[in-house]
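The next block holds one structure in the form of structure tokens; read it before the comments.
Values quoted throughout were computed directly from the atomic coordinates according to the rules given, and no laboratory measurement underlies them. Being a predicted model, the structure only gives us computed values, none of them experimental. As a convention, Cβ positions derive from the backbone with ideal geometry for all residues, glycine included, and neighbour counts pool all protein chains shown.
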Amino acid sequence: MSDPTDLKYTTSHEWLRVAGDGSATIGITSHAQEALGELVYVELPEVGRRVEAGEACVVVESTKAASDVYAPVAGEVIEINGTLADQPQTVNESPYGDGWLFRLKMSDPSQSTGLLSAADYAKAQDA
């Protein structure tokens, strides 16, 4: 699966989709979900929680391991993907679509400019 070019990426395998209203949707990349294997549990942050860029705010568990997911930018969590409580495998099936993790209102939208493009993320995977 190729990485969508309309997203921003982190070297720790999160993606960020910026909306015009200053909010952003966050998930994990196809590479991350493949490395983890089948997800069996996702622990999401509470709506209203404030997170800093680089802060661990989600835990994903697979049959292989548990891993932290980090906020790519700072902001306040405004929505979580409640579907994942009963269907964590949605992240595996659609990491860039229905498998999103949470949405936040960015504290400083300019933080997203420091994230990787799809091409730069792909290069980082090859390194």
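Quick notes on this structure:
- For the chain, built as a Gaussian network whose Cα springs stay under 10 Å, the top-fluctuating residue of 54, 75, 20: 20
- Set of aspartates and glutamates with alpha-carbon distance to residue 105 below 13 Å, sequence-local pairs under 8 removed: 21, 52, 76, 79
- The charge dipole of the chain, taken about the Cα centre with unit charges on the Cβ atoms of Lys, Arg (+1) and Asp, Glu (-1), comes to about 220 debye, rounded to the nearest 20.
- Computed over neighbours whose Cβ is under 12 Å from that of residue 83, the net charge equals -4, Lys and Arg +1, Asp and Glu -1.
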